[in-house]
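Q: I have a structure I would like to understand better, so I am pasting it below and will then ask my questions one at a time.
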There are 2 protein chains.
Amino acid sequence: MKIAIAGAGAMGSRFGLMLKQGGNDVLLIDGWQEHINAIKENGLKANYNGEEITVKVSIVNQNEVPTGEQFDLIILFTKAMQLEKMLQDVKPLIADHTEVLCLLNGIGHEDVIEKFVPMEKIFIGNTMWTAGLEGPGKAKLFGSGSVELQNLGIGQEESAKKLAETLSASGLNAKYSDNIHYSIYRKACVNGTMNGLCTILDVNMAGLGATKPAHDMVVTIVNEFAAVAAKENVNLDIPEVIEHVETCFDPTTIGMHFPSMHQDLIKNNRLTEIDYINGAISRKGKKYGVVTPYCDFLTQLVHSKEEILGAK
Amino acid sequence: MKIAIAGAGAMGSRFGLMLKQGGNDVLLIDGWQEHINAIKENGLKANYNGEEITVKVSIVNQNEVPTGEQFDLIILFTKAMQLEKMLQDVKPLIADHTEVLCLLNGIGHEDVIEKFVPMEKIFIGNTMWTAGLEGPGKAKLFGSGSVELQNLGIGQEESAKKLAETLSASGLNAKYSDNIHYSIYRKACVNGTMNGLCTILDVNMAGLGATKPAHDMVVTIVNEFAAVAAKENVNLDIPEVIEHVETCFDPTTIGMHFPSMHQDLIKNNRLTEIDYINGAISRKGKKYGVVTPYCDFLTQLVHSKEEILGAK
């Protein structure tokens, strides 16, 4: 199968590597020239569950995507704010039969994607795989994970199931979901609490969880997400989601980690995805007439902090 | 006049110094032993508008206030969270005729004071004087200022006016106000925006003001203060208050300064007065059925940050 990975950061590299090893014809597409050069010269290197491996895989800069070559599947793995630019850049690769799978963090990306791809070819999903980049061309891939995905187009369930099979054939452990929006909102609740709060408070998840106000802040934010989700007929099990979110506080599992937004903004002075997490809830809340003051305020605080740190 | 200054930090030192120079019999009362020792040994030293001066003034530890000595006036100048303990400690100094003037930052201190002093002897005020401490026993006192004050007891206007005259006789530029709650709420709006936001974002006031979300955050917070104030028949002129708050952003005047809460928490790892500023609005909001989500969230964030930094 001819697969393009649009956005070959840490997670895109994992999917590209596994799909290539699974026998697919894979093209990585990215905007980071140093990373592209390293992979062109030396292949994609990875510490893969402790083993050092190298995989030869094609990569191009998104400004130089080939014309006249069309793909069966494009997997979107950009940062949220880079999605629209990427879709413009990969337009020449999209044929009538091309399926597009969106695995970005955050909410509401389909609004952007459907400007470029007909609804019946759009699939959205949610992944529990993790990945890191140690430097240009070098990934760190530990542990196992899974993917859930669903068709957005009416009657495309069979295509979604086939797509899951394709991914699973390369070890990606993908399943069809009949309620992907539930999973996406549930995961967004984790990002919508841990990311913004740990970034603004400059603390890891266990450190946040150890403070007295943490639980009340999580409860209020999850309730705002749930109120918005309910307007889209996604009815979150709020106590279960809160319990799920608060497993992040556990210092013996992942609590000692800083969420990705903290790494982006505080460590690397990069712009964050807040507009696609809490900011998306604020926008949807306005649209549906649901008040979301904690999401509004957290989005404003993170944007202020971006400006204060001169994030780019 | 026999005057006790309960809380002889920077502002208490200024008032004590000026009232002593004005010919009053002044006793400073504080809990910081190093400061007390320095003033006992060397007098209260100050850089007073550029001139180095020393004033001999009595000081005692609040745990050792004299018994059998009663005062005409006690001026309260503690941090908000130290107020109740101070009032307990100075109880022996309160006679039937003793007037108590509260000049603390924040809102709602009268609820604490009236446990110790009958309403007709309580006066509350608001000061525009500034002051700093350079070290134990050494104040830095620049610029000019003013005081507004009002009686809380019904029919005590004449006493309030006399009290203002007493302060003014020592150069403190005090005036009777017939609407002190307006001034207190207006000032609390400055503290309720600049203090919490600059502390959580670790930025000075000009830096906050330069960010795009700053104005909207100020507007929302001031509106929460105004909604609560309205329930106490204090009707803030919201656009005027917002404009007043935002003069703090000006880098050519005070914008380059960090507000006191930032100094307390971020610089010195001390507990903050947030419960008496935004936290007071949250509590009053609950009481009056007014939602105050930005004040709630900001109070929670500051308390979390206190715990994260191990503030004491």
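The values are calculated or read from the model by the stated rules, or taken from the named source; none is laboratory data. The structure presented is a predicted model; accordingly, all values stated were derived computationally and were not measured. In this analysis, Cβ positions are derived from the backbone assuming ideal geometry, glycine residues included, and neighbour counts consider all displayed protein chains. Surface areas here come from the heavy atoms of the whole protein model, side chains and all, with no ligands, DNA or RNA. Shrake-Rupley method; radii C 1.70, N 1.55, O 1.52, S 1.80 Å.
Q: Counting only residues 5 or more places away or on other chains, whose amide H sits under 5 Å from the amide H of residue A:71 once H atoms are built in the peptide plane?
A: Here the answer is A:95, since their amide H atoms fall under 5 Å of that of residue A:71.
Q: Round to the nearest 10 and give me the degree value, 0 to 90, for the angle of helix A:157-169's Cα axis relative to the longest principal axis of chain A.
A: On a 0 to 90 degree scale, this one is about 70.
Q: Could you tell me which of rounded, prolate or oblate describes chain A, using a ≥ b ≥ c as the square roots of the eigenvalues of the alpha-carbon gyration tensor, with rounded for a/c under 1.5 and, failing that, prolate when a/b is larger than b/c and oblate otherwise?
A: Working: a/c = 1.65, a/b = 1.34, b/c = 1.23.
Here chain A falls in the prolate category.
Q: Further question on the same structure: Just the number please: accessible area per residue for segment A:273-312, 1.4 Å probe, all protein chains included, in Å².
A: 38 Å²
Q: Name the residues of segment B:185-202 whose accessible area, probed at 1.4 Å, falls by at least 30 Å² once all protein chains are in place instead of their chain on its own?
A: The answer is B:200, B:201.
Q: Roughly what % of Cα-Cα distances in segment A:142-270 sit above 19 Å, to the whole percent?
A: Working: 4810 of 8256 pairs.
Percent of Cα pairs beyond 19 Å in segment A:142-270: 58.
Q: Please give, to one decimal in nm, the separation of the simple spin-label points placed at residue B:52 and residue A:128, each 7 Å out from Cα toward the Cβ.
A: 7.0 nm
Q: What list of ³J(HN,Hα) values in whole Hz, one per residue of segment B:305-312 in order, does the Karplus curve 6.51 cos²θ - 1.76 cosθ + 1.60 (θ = phi - 60°) give from phi, with Gly and Pro shown as x?
A: So the J values, rounded to whole Hz, are 5, 4, 5, 4, 8, x, 5, 10.
Q: For residue A:31, which sequence-distant residues (separation of 5 or more, or a different chain) have an amide H within less than 5 Å of its own amide H, given hydrogens modelled in the peptide plane?
A: For residue A:31, whose amide H was placed from the backbone, the distant partners under 5 Å are A:8, A:62.
Q: If the elastic network links every pair of Cα atoms under 10 Å, which of A:243, A:224, A:273 fluctuates the most in the Gaussian network model of chain A?
A: A:243
Q: Using a 1.4 angstrom probe on heavy atoms only, work out the carbon and sulfur share of the accessible area of chain B in %.
A: 49 percent
Q: Can you tell me which of B:279, B:153, B:125 moves the most in a GNM of chain B? Springs connect C-alpha atoms under 10 Å apart.
A: B:153
Q: I need the peptides B:245-252, A:180-187, B:185-192 ranked by packing, meaning the mean over residues of other C-beta atoms within 10 angstrom, with the highest value on top.
A: Order by mean packing, descending: B:185-192, A:180-187, B:245-252.
Q: So, one more: For the protein assembly as shown, what is the calculated [θ] at 222 nm in deg cm²/dmol (nearest 500), taking -39500 (n - 2.57) for each run of four or more DSSP H residues and dividing by its residue count?
A: -11500 deg cm²/dmol
Q: Based on DSSP, what percent of beta bridges with both residues in segment A:1-150 are antiparallel, to the nearest 5?
A: Restricted to segment A:1-150, the bridges split so that about 35 percent are antiparallel.
Q: Could you grab the relative contact order for segment A:1-174? Cα pairs under 8 Å, six or more apart, rounded to a whole percent.
A: Numbers: 369 pairs, mean separation 41.0, N = 174.
It comes to 24 percent, rounded to a whole number.
Q: What does the buried accessible surface come to for B and A, summed over both chains, with the probe at 1.4 Å? Round to 100 Å².
A: The buried area between B and A, both sides summed, comes to about 2200 Å².
Q: Note the angle between two axes, namely the Cα long axis of helix B:10-21 and the longest principal axis of the Cα atoms of chain B, as a number of degrees from 0 to 90, rounded to the nearest 10.
A: Here the helix axis deviates by roughly 30 degrees.
Q: Taking accessible area as the heavy-atom solvent-accessible surface of the protein chains with a 1.4 Å probe, which residues of segment B:283-312 lose no less than 20 Å² upon going from the isolated chain to the full protein assembly?
A: Residues passing the criterion (a loss of at least 20 Å², heavy atoms only) are B:293, B:294, B:297, B:300, B:301, B:304, B:305, B:307, B:308.
Q: I've got another one for you. How many nanometers, to one decimal and shortest first, lie between the label point of residue B:289 and those of its other copies, if labels sit 7 Å from Cα toward Cβ?
A: Taking the point 7 Å beyond Cα along Cα→Cβ, the inter-copy spacings are 2.1 nm.
Q: If Lys and Arg each add +1 and Asp and Glu each add -1, what is the summed charge of the other residues whose beta carbon sits under 14 Å from the beta carbon of residue A:265?
A: After counting each charged neighbour, the total is -2.
Q: Right, something else. Between copies, how far apart are the residue B:40 label points? List them in nm, one decimal, shortest first, with each point 7 Å from Cα toward Cβ, please?
A: Counterpart label points of residue B:40 in the remaining copies fall at 7.8 nm.
Q: Using the Cβ atoms and a cut-off under 12 Å, what net charge is assigned to the surroundings of residue B:135, where Lys and Arg are +1 and Asp and Glu are -1?
A: +1
Q: What's the minimum Cβ distance from chain B to the axis relating it to A, in whole Å, and which residue gives it?
A: Measuring from each Cβ to the axis, the minimum is at B:293, 2.
Q: Could I ask something else about it? Determine the alpha carbon to alpha carbon distance for each of A:187/A:305; B:85/B:287; A:45/A:79; A:231/A:287; A:138/A:175; A:187/A:287 and list only those over 18 Å.
A: Over 18 Å apart, Cα to Cα: A:187/A:305; B:85/B:287; A:45/A:79; A:138/A:175; A:187/A:287.
Q: For the protein assembly as shown, what does the alpha-carbon gyration tensor say about shape, rounded, prolate or oblate, given a ≥ b ≥ c as the root eigenvalues, a/c under 1.5 as rounded, and a/b over b/c as prolate?
A: Verdict is prolate for the protein assembly as shown.
Q: What does the charge add up to near residue B:8, with Lys and Arg as +1, Asp and Glu as -1, over the other residues with Cβ less than 11 Å from its Cβ?
A: 0
Q: For chain A, with a Gaussian network of springs between Cα atoms less than 10 Å apart, report the residue from A:210, A:131, A:38 with the top mean-square fluctuation.
A: A:210
Q: Then there's this: Give the relative contact order (percent, whole number) for chain B; include only Cα pairs under 8 Å separated by 6+ residues.
A: Working: 585 pairs, mean separation 44.1, N = 312.
That works out to 14 percent.
Q: Here is a further query. Tell me, what is the percent relative contact order of segment A:178-307, built from C-alpha pairs under 8 Å that lie six or more residues apart? Don't skip to the answer; put the middle values down first.
A: On the way: 157 pairs, mean separation 42.4, N = 130.
Over segment A:178-307, the number comes to 33 percent.
Q: Quick check on segment A:196-312: take the gyration tensor over C-alpha atoms, sort the square-rooted eigenvalues as a ≥ b ≥ c, and tell me if it's rounded (a/c under 1.5), prolate or oblate.
A: Oblate shape, in that a/c is at least 1.5 and b/c is the bigger or equal ratio.
Q: Same structure, new question: Taking Cα atoms, how many degrees apart are the long axis of helix A:214-231 and the longest axis of chain A, rounded to 10 and kept between 0 and 90?
A: It is inclined by approximately 60 degrees.
Q: Also, quick follow-up: Please average, across the residues of B:214-221, the number of beta carbons from any other chain that are within 10 Å of each residue's own beta carbon, and give a whole number.
A: For peptide B:214-221, the averaged partner shielding equals 2.
Q: In nm, what does the list of distances from residue A:84 to its counterparts in the other copies look like, shortest first, when each label sits 7 Å along Cα to Cβ?
A: 5.3
Q: What list of ³J(HN,Hα) values in whole Hz, one per residue of segment A:251-268 in order, does the Karplus curve 6.51 cos²θ - 1.76 cosθ + 1.60 (θ = phi - 60°) give from phi, with Gly and Pro shown as x?
A: For segment A:251-268, the Karplus curve yields x, 8, 10, 10, x, 7, 7, 8, x, 4, 5, 4, 4, 4, 8, 6, 7, 10 Hz.
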